[in-house]
There are 2 protein chains.
Amino acid sequence: MNSAEFRKAAHSAIDEIVDYYDTIQDRRVVSNVEPGYLRKLLPSGPPEEGEQWADIQKDIEAKIMPGLTHWQSPNFMAFFPSNATYPSMLGELYSAAFHAPAFNWLCSPAITELETVVLDWLARILYLPDCFLSEGEGGGVIQGSASEAIVTVMVAARERYLTAACENLEGKEKEDKRTQTMGRLVALGSEQSHSGTAKAAIITGVRYRSMPCRLQDDLALTGHQLRAALEQCASEGLEPFYLTTTLGTTATCAIDRFDEIRAVVDSIQSLEKIWIHVDAAYAGAALVCEEYAHLTKDFVAFDSFEMNMHKWLLTNFDAGCLFVRKRKDLTSALSITPSYLQNPFSDKGLVTDYRDWQIPLGRRFRALKIWFVLRTYGINGLKAHIRNHIQLGESFARWVRQREDLFRILTPPAFALTVFTLALPAHTDSWLPNGDTNVKVNEGLVTADYLPETSTDQLERANALTKTVYERINAAGGIFLTSSVVEGVYAIRVVSGSERTDEVHLRKAFDILVKTTKEMFRKR
Amino acid sequence: MNSAEFRKAAHSAIDEIVDYYDTIQDRRVVSNVEPGYLRKLLPSGPPEEGEQWADIQKDIEAKIMPGLTHWQSPNFMAFFPSNATYPSMLGELYSAAFHAPAFNWLCSPAITELETVVLDWLARILYLPDCFLSEGEGGGVIQGSASEAIVTVMVAARERYLTAACENLEGKEKEDKRTQTMGRLVALGSEQSHSGTAKAAIITGVRYRSMPCRLQDDLALTGHQLRAALEQCASEGLEPFYLTTTLGTTATCAIDRFDEIRAVVDSIQSLEKIWIHVDAAYAGAALVCEEYAHLTKDFVAFDSFEMNMHKWLLTNFDAGCLFVRKRKDLTSALSITPSYLQNPFSDKGLVTDYRDWQIPLGRRFRALKIWFVLRTYGINGLKAHIRNHIQLGESFARWVRQREDLFRILTPPAFALTVFTLALPAHTDSWLPNGDTNVKVNEGLVTADYLPETSTDQLERANALTKTVYERINAAGGIFLTSSVVEGVYAIRVVSGSERTDEVHLRKAFDILVKTTKEMFRKR
C-alpha cells in the first residue's frame, strides 16, 4: 500500500467510522452472533497474493460488524463505560504513525516526556496530593489496565517489604529469610475489590485474602474490618504487605473508608510497611469535579493511585493512569539494564525510562491521546461530561425509587451507577416467574442486612426473578446491562457513561425494565 | 468534536502522516533534544476551555516532532526494527473506533473470534507444529510484548509445576509443600536470553539463573550447557521449572540448539515438567519463508512460542503473538471469574475468554491490524519483505568482511543483523583513539574464544575504539545503530528491517562506518 493508496483508504475508513458513530444508536447494542460465527465466514488462511483495500474494507461491515457489541452506543449501560472519542482516535492514529517501542527515553524522547507532562496535568486536575507529581519523588505512568497496574505495584510492594525484612542479612541467611518471608506474605483486598487483586497475587506468587464488607456499611471496607484482618493474619503467622482499597467498587461503586484505613495503618509501627493502593479505575474520573476533591485527602498517606481515563474520561483504551508516591519503589523492583539498553542519558539518570515502571519492555505512544483529549475538552468540558452523567444517574435512581412496587435500590446510587433488584410483591405466593421455573440462582450467603424480613426461600425467589428480567432484557438487545451478586443478592446494574447517552436513552431503558418486569408476573 | 469536525481533522491528520512518511528519510533519525525539552514548551496544565483541532495539530510538528526518533526511517538500523505500516495503521484506526475492552467473548465477539482465526493463520504460515493451533488443545493469543508473554507463560509454568508437586496433598501439608517448593523454583535462560526472562522471574517471585554461552558455539544455548545447569541446580536443591530458549537472540541473533535441548529435556523423567518457551520475538518473522521451516521441527516438544509481528512483520506495536500447546495451562493458572464477568456463553465453555490467557483484564482489538496486514501483503508479500532484508543483511556483512583492515565480524550474520567490532590494526602501539582517552569500557569477561591472540589490554583498547566509533556515529545522527557487549567484547550491531530501507541506505551506513573509523585513528 503506497502513500496515495493509503490516503484514499484512510479517508474512506474515516468516512466509514463517522457513519458508524452517527448511526450507532440504531444498531443492536449487544451482538447476537453464535459462538464460532466468524470462522465460517473467513477462508482457512491468508491469501497468497496481497488484496486491495476496497476488498478488505467490504468485509468490515459484512463480517466484523455483526459480531461487535457497541460500547459507544447510548444504549450500552453494562459493566462500566469504556469511552472512545474522536480526539482520542486521532491520538491513536498519530501514535500508530509515530510508533517507537519507547522502552527508554532515547527510543523517542517525546514519548516519555509527553507522558510525564500529561500525567502531572492529570494528577493536578484530579486533586491528587503533590506527592504523586513527577516533580518530587513520585510520578505517573500509563499502564494498559487497572489489573496490570495492580500487578506492577504489588511487585514493588513485595520487593520493598522483602528488602526491609532482610535488611542487614547476607548470603544464605538472607536467602532463607527471603524464602520464609515470601511464604508468609499476603495481599489484602475486600470482598468488593476487583478480581484484579486476587489475580495479581497469583501472578506475583503470594497469598491473597479478602475482607468481608457489609451492606450496612454500604459495602465499603472499614477500618474495623481491616484491623480484624490484620490481627487474624498475625495470629496465623502471615504477613500482610499490600492492600487494595477502592474508590468506586465494580459491583456497586462503593467507596472504602480511606480515613479509617489510614488511621489503622498509621497505628502500625513496623519497618516493613504495608503498601496501600487506591483502585479508582472507574470512579476516579469524577475527581475532576471539585465536589469530589475531599475524597483524595487521605491519599497522601498511601503509596499508589490508579484511574483509567479509558473508562469514563473520554479516552480510548488503553489509558490506565498509575501514580506512585515514590518512583524509586517501582524502579528498584523492576529495573534490569542489559548492555543493549544502556545509553548515556539513562546511565546519567537524567531521564525517565518507563520500562522500569511497568511489566512489559516496549510501550505505545499513549500520552498523545491523553494530550488531545485534555486539550479538546478542556477542564470544564471534562467536568461537564462527568456532571451530566452523575445527574442522569440520579434521575434514573429517582425513577427506580418511584416504582417501589417493582424495584428496590440495593446500595446508594453513586457515580452514575444504580444497583437494584426486583421487589418481591406483597403476596409472593400469588406470583411466580412466568414459565421460567428452571432459572438457576447463583449461590451466595444470605445476609441479615438485606431485606431483614426475607427468608432464604424468598430471597432465592427474588434472585430468580431479577435474573430472569435481566437475561430477557439482554436477550432482547434494545439495551445492554450487567448484573452482580452482592452478599447473596442478585442485582441489576445500570450505568450511564457513554458520551452519547442522554436522558431519553435512560428513560427508554427504564421503560424496558418496567415492561419486562411486569411481563414476568402472572396470576396463578 | 462533532462528526464533521472529526472528519475534517482526521483527513488533515492523514495528510500530515502521509507527508511524514514521504519525507521521513530526510529527518535526523535519532532525536537530539535535551532531557526535559518538552516541559519547557508546554503550559503547566490543560486549558480551562477546550481548544480547536487546528491549534492542537500545529503543536505536533512544532513540539512533538523534534523529540521523535524515527523508527520507520530507512536510516534506522538500531535495536530491532519495529515496523509500522499503512494497512496496520488502518487496523489501529478501526480498533480505536470499534473499541471494547474485550475481556470476554460477549464484550464483542468479533474481537475474540478474529484473534483466534488470524493467529491460526499465522501459526500455519510460520510452519509451527499443529499442536499450537486452536483447533486442538493449543492456540494463540495477542500479547503486548515478548516480555509480557514470558511473564504469562512463567506463571502458567509455575502453577503447573506446583500443582504437580503438591498432587495428592491436602490442607496444611499441601500449603507447606507449596511454600517450600516455591522457594526452590528457578527459571532458566541463557546469558544471551532477553532480559525479559530475568524480569519475569522477579515479577513471578522465583529465582533466575542464566547459563553461559560460548562464542565457539555461536552464542547458542547447547544441550551440554543445559544439562550442566540442571545438574548444578539439583546439587543445590533447586528445582528448574521453566526455560527460555531463543530463536534469534537480541545481541547477535543466535539460535539455541533446539534439538539438543529437546533431547536433554526428554531424558528427564519427572511428573513436574520443565516448561520450554521459545522466544522468537524478532527472528520468528523469518519463519514465513520455507527455507527456515526446519527450525520449528522440535517445537512440537515445547510448551510455548512467541514472535512479535510488531518487530519485523509489518504490523504496528503491539502485536506480540504467543502460542501455547495447552491452553488449559494458561487458563488453569489465570482464570478468576467474579459474578460481574459471568455470562451464559463463558459458563458453558462455548467461547474463548482471552482475559484468562493474559495478565491484564481488558484488551484492544489488535487482531484487526494483523488481519489487514496479512491480507494486504499476502503470504508472498511477507516472504518478499523478509527475503529482501536477509539479502540486504548479507550484502552488508560482505562489505564488512571486505574491509578486514577496519572491521572484524564477531558472530555469524543472521536475520539481517551484522555484529562486528573494529579490527585492531597490526601495530596497535602506533594507533590510539583520537583524543578520546577517557572512553570507559564496559566490564565483562574476556573469553579465550575471541581473538585468542588478544591480550586483555588489547581487548580493552579494541573495545574503546569500537565504542567511540559507535557513539560518534549516533551523535552525528545520519544513521542510528546500537551496540552490545558480548562475552566482554564491545560490538556494533547493524540491522536492516524497516520497510523503507534498501541497498542505498545500507551502503550509506557502511560508508559512514568506514569514514568514522578511519577518522578515529591518527599516527602518534
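The values are calculated or read from the model by the stated rules, or taken from the named source; none is laboratory data. Everything numeric here is computed off the predicted structure, so don't read it as measured data. Positions of Cβ are backbone-derived with ideal geometry, glycine not excepted, and every protein chain shown enters the neighbour counts. We work out accessible area using only protein heavy atoms, side chains counted, and drop any ligands, DNA or RNA first. Shrake-Rupley method; radii C 1.70, N 1.55, O 1.52, S 1.80 Å.
Worth a mention:
- Chain B, dipole about Cα centre (Lys/Arg Cβ +1, Asp/Glu Cβ -1), debye to the nearest 20: 680
- Assigned charges on the beta-carbon of Lys, Arg, Asp, Glu; the protein assembly as shown dipole about Cα centre (debye): 440
- Distance between the 7 Å Cα→Cβ label points at B:Q391 and B:D130: 3.5 nm.
- Among beta bridges that DSSP assigns inside chain B, antiparallel share in %, nearest 5: 60
- Cross-link reach list, aspartates and glutamates versus B:K328, counting only Cα pairs under 15 Å and skipping chain neighbours closer than eight places: B:E135, B:E137, B:E159, B:D303, B:D353, B:D356
- Tensor-based shape of the range A:275-314 (alpha-carbon gyration tensor, a/c under 1.5 rounded, otherwise prolate or oblate): oblate
- For B:K518, a cut-off of 17 angstrom between C-alpha atoms picks up these aspartates and glutamates, skipping any fewer than 8 places away in its own chain: B:E404, B:D405, B:D429, B:D436, B:E471.
- The range A:138-333: relative contact order as a whole-number percent, Cα under 8 Å and 6+ apart: 28
- Under the span-like rule (Cα at least 15 Å along the axis, Kyte-Doolittle mean at least 0.0), DSSP H helices of chain A: A:86-97, A:109-125, A:146-165
- Shape annotation for the range A:199-302: C-alpha extents along the principal axes are 43, 29, 28 Å, from largest to smallest.
- Surface analysis of chain A yields an accessible area of 35 Å² per residue, using protein heavy atoms and a 1.4 Å probe.
- Cβ-Cβ FRET estimate between B:E519 and A:K328, R0 fixed at 45 Å, reported to 0.05: 0.60
- Interface area, B with A, accessible, probe 1.4 Å, both sides summed, Å² nearest 100: 12600
- Relative to the current alpha-carbon distance between A:H224 and A:E5, full extension at 0.36 nm per residue lengthens the span by 72.4 nm.
- Over 28 Å between alpha carbons, listed pairs B:K369/B:K508; A:K172/B:K326; B:K58/B:K515; A:K199/A:K515; A:K199/B:K174: B:K369/B:K508; A:K172/B:K326; B:K58/B:K515; A:K199/A:K515
- Gyration tensor verdict on the range B:3-68 (Cα atoms; rounded if a/c is under 1.5, prolate if a/b is larger than b/c, oblate otherwise): oblate
- Positive-end extreme of charge dipole, chain B - chosen from B:L513, B:I274, B:W71 (charges on Cβ): B:L513
- Chain B residue with Cβ closest to the axis mapping B onto A, distance in whole Å: B:G205, 2
- Size estimate for chain A follows the Kirkwood approach: the inverse of mean 1/r over distinct Cα pairs works out to 25.3 Å.
- Distances between equivalent label points of B:E291 across the copies, with each point positioned 7 Å along Cα→Cβ, amount to 6.9 nm, shortest listed first.
- Comparing Cα centroids, the range B:6-81 and the range A:482-503 end up 40 angstrom apart.
- Long-range amide H partners of B:Y208 with built H, under 5 Å: B:A187
- Over the protein assembly as shown, equivalent-ellipsoid semi-axes from the Cα gyration tensor in Å: 48, 33, 28
- Label-point distances for B:A476 to the equivalent site in the other copies, using a point 7 angstrom along Cα→C-beta, read 7.3 nm when ranked shortest first.
- For A:F407, the residues 5 or more places off, or on other chains, whose built amide H falls under 5 Å of its own are A:A423.
- The range B:100-364: C-alpha gyration tensor shape, a/c 1.5 cut-off, then a/b vs b/c: oblate
- Ellipticity estimate at 222 nm from DSSP helix runs (n ≥ 4, -39,500 (n - 2.57)) divided over chain A, nearest 500: -13500 deg cm²/dmol
- At 7 Å out from Cα toward Cβ: B:K273 inter-copy label distances (nm, ascending): 4.5
- Pairs of Cα atoms nearer than 8 Å and 6+ residues apart set the relative contact order; for the range B:301-343 it is 32 percent.
- Positive dipole terminus of the range B:149-222, leading residue within B:A201, B:L188, B:C213 (C-beta point charges): B:A201
- Residues whose amide H falls under 5 Å from that of A:S190, counting only those 5 or more places apart or on a different chain, are A:M211, with hydrogens built in the peptide plane.
- Modelled this way, with points 7 Å down the Cα-to-C-beta line, the labels at A:K174 and B:D457 are 3.7 nm from one another.
- Relative contact order, percent, chain A [alpha-carbon distance under 8 Å, six or more residues apart]: 21
- Rounded to 5, percent antiparallel among DSSP beta bridges of the protein assembly as shown: 60
- Distance from the C-alpha centroid of the range B:331-407 to that of the range A:276-341: 29 Å, rounded to the whole angstrom.
- Other residues with beta-carbon under 9 Å from the beta-carbon of A:S304 carry, at +1 per Lys or Arg and -1 per Asp or Glu, a net charge of -2.
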